[in-house]
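The values are calculated or read from the model by the stated rules, or taken from the named source; none is laboratory data. Quick caveat, the model's predicted, so the values are computed rather than measured. Please note: Cβ atoms are built from the backbone with ideal geometry, for glycine as well, and neighbour counts cover all protein chains shown.
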Amino acid sequence: MILRPVAEIRDPVHGYVKLTEVERELVDSPFVQRLRRIHQLAGSYLVYPGAVHTRFEHVVGAMHVAGMIAESLHGFSELSVDQVQEVRIAALLHDIGHGPFSHMYEEVLAEDSKLSHEDISQRIVAKTSVGEVLGKYGFSAKKMSEFAVGRQASRPPFMNEIISGGLSADIMDYLPRDSYFTGVEYGKVDVQRVVDSLRVAEGHLAIDDAALYAFEALLLARYEMFKAVYFHRTVRAAELMLVHSMKLADEALGLTDLSDLDGYLELTDEIVIHRLAHLDESTPGLREARRLALDFQRRRLVKCVFERLVQRKDRMVGQIFARESMRQKVTADLAKAAGVEPMQVYLDVPTTPSVPYTSSRESFTQVRMIRGEGKRRQARKVSLSELPPLGSIVGFMDMLRVYTASGSREAVARATSALFRDQSFVTRAPN
C-alpha cells in the first residue's frame, strides 16, 4: 500500500483491509456506521440464510478494490498518490445514501420523486458531518460528493469508472461478497487478474485483451447472480412485500421525507420493519402495510402464479416493461378479473440491467480493449454484442412474473392466463 495505513479491518473476502487516517475517521462517522444496519441484499436472507451481510462490509471492500485499481494505475503514472487517496474515499462513500432494505427503498422513492440513493449520497457527503471530516483533511466535500457517485466532471472519466460501471470496484466487490454470503458459486471472479489488466486509453478505463476471459467471466458472473440471487423468484416475493408495505405506509411514517438528513440515520432495516409491524390500522392501506410487514417477518410470502422469459419486441410486453402506468393498468385488470383487491396482485419485472450501467448511468454496451505495449499499443472499442459469451445477455433479463397471496392463487392464475393468452408466452409457475 503506497498510502500510510493507521488501522486495519479483517474482511472475509479480501483479507486485511488497511485504513488511512482520513478513512478511519470516515468509517467511524455515524453515516458510515449506519450501513452496518442496512442489509446488502434486502430480504434475500429469507431464501439464503447466510446473506446477512451489510452495506458496511461492501463499502469497506469496494474501497479496498478501488485502492488496488488506483495503485495499479499509479504504477503506470496515470494517478498521483493524492488521487489514489481520493479514489479510495470515493469508493468508501459510494453507498452512504442507501435507505432501508437498500434498493427496495429506491422503489418507494420513485413513487414521488426521481431521487436515487446516489442523489442522497451526494447530499450526505456534502451537507453533513461527513463533509466536515473531508474538509478537515483538505478534501472538497462538494467534489467528493460528486466523485463518490461517479459524477465528478473535473476528473478524467476513468476515475469515475473506477467507482461506477462495468469495470468498477463496486462490481468487483459485491459479486464475490454476495456469492460468499449466499453460498452460491456463480459470483466467484478473478478480481486480481482484472485489476492487473486495467489501463487507461483515451481517458477511459480499458482492459488488456489478454485478460478478456477474466472480463467476460466478470459479466457472466453478474448475469448468473442476477438469475440465481438478485431476481430469484422467492427473493423477489419478499422484496415486493417490503416495497408494497413501505409505499402504503410512507405518508404515515415519513419514510421518504428527506428534509432532515440527521433523521435519515434512523432509517435502518430493523427500525423500519418494526415501525411497519406496529402501524395502527386506521385505514385499509395501513392495515395492509402492517399485515405485509408481519408476514415478511414470519416468512409468509406471496406466491408466484405466472413466470416467463419474454421478448420486448412484442408491443404489449414492451409497454409493460417500459411504463409504470402500464404495469399499474395490467395489475388493476388482473385484480378485477380475479375478483380481488389491486393491492393483492403484484406484477414484477426487473428494472436493473443484467449488465451494469456505466458511471454516467448509460447502458454498458462496449468496452475498450488494448493490445500491445508502448508505441505498439493500440486501443479499440469493442461492442459487448461482438463477444460471443456476452452478446445474449446485454441489457435487461426480460422476466415477467405475477404474484398474489396464497388464498387468491388460483383466481389470479386464471386471470393472468386469460389476459396473456394471446401473447403466446403463457406459463404457470410450478407449485
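Hey, could you check the stretch 269-312 for residues that are assigned to a loop (DSSP other than H, G, I, E, B) and of a type in the set (A, V, I, L, M) and say which is surrounded by the most Cβ atoms within 10 Å (Cβ to Cβ)?
Val302
Please work out which one of (1) in contact with a helix residue (DSSP H, G or I) (Cβ under 8 Å, 6 or more places away or on another chain); (2) in a helix (DSSP H, G or I); (3) crowded, with 23+ Cβ neighbours inside 10 Å is the condition Gly150 fails and give its number.
Against the list (1) in contact with a helix residue (DSSP H, G or I) (Cβ under 8 Å, 6 or more places away or on another chain); (2) in a helix (DSSP H, G or I); (3) crowded, with 23+ Cβ neighbours inside 10 Å, Gly150 comes up short only on (2).
Name every residue in the stretch 108-143 that is in contact (Cβ under 8 Å) with a residue 40 or more places away in the chain, closer than 24 Å to Thr268 by Cα and assigned to a helix (DSSP H, G or I), in order of residue number.
Selection gives Val108, Leu109, Ile120, Arg123, Ile124, Lys127, Ser129, Val130, Val133.
Of these, Asp95, Asp119, which one is surrounded by 24 or more Cβ atoms within 10 Å (Cβ to Cβ), among the acidic types (Asp, Glu) and over 16 Å from Asp262 (Cβ atoms)?
Only one candidate passes the filter, namely Asp95.
Mind listing whichever residues of the stretch 231-263 are surrounded by 18 or more Cβ atoms within 10 Å (Cβ to Cβ), modelled with pLDDT under 90 and either assigned to a helix (DSSP H, G or I) or not aliphatic (A, V, I, L, M) (or both)?
Phe231
Looking only at the stretch 54-89, filter to residues that are part of a loop (DSSP other than H, G, I, E, B) and surrounded by fewer than 22 Cβ atoms within 10 Å (Cβ to Cβ); which one of those is modelled with the highest pLDDT?
That would be Ser80.
Need pairs with beta-carbon distance below 8 Å; first residue closer than 16 Å to His244 by Cα and within the stretch 316-341, second β-branched (Val, Ile, Thr) and at pLDDT below 90; sequence gap 6+ or separate chains.
So the pair list comes out as Arg327/Ile320; Arg327/Val349.
Filter the stretch 183-213 down to residues that are among the aliphatic types (A, V, I, L, M) and closer than 29 Å to Val47 by Cβ and give me whichever is farthest from the chain's Cα centre (by Cα).
Val194
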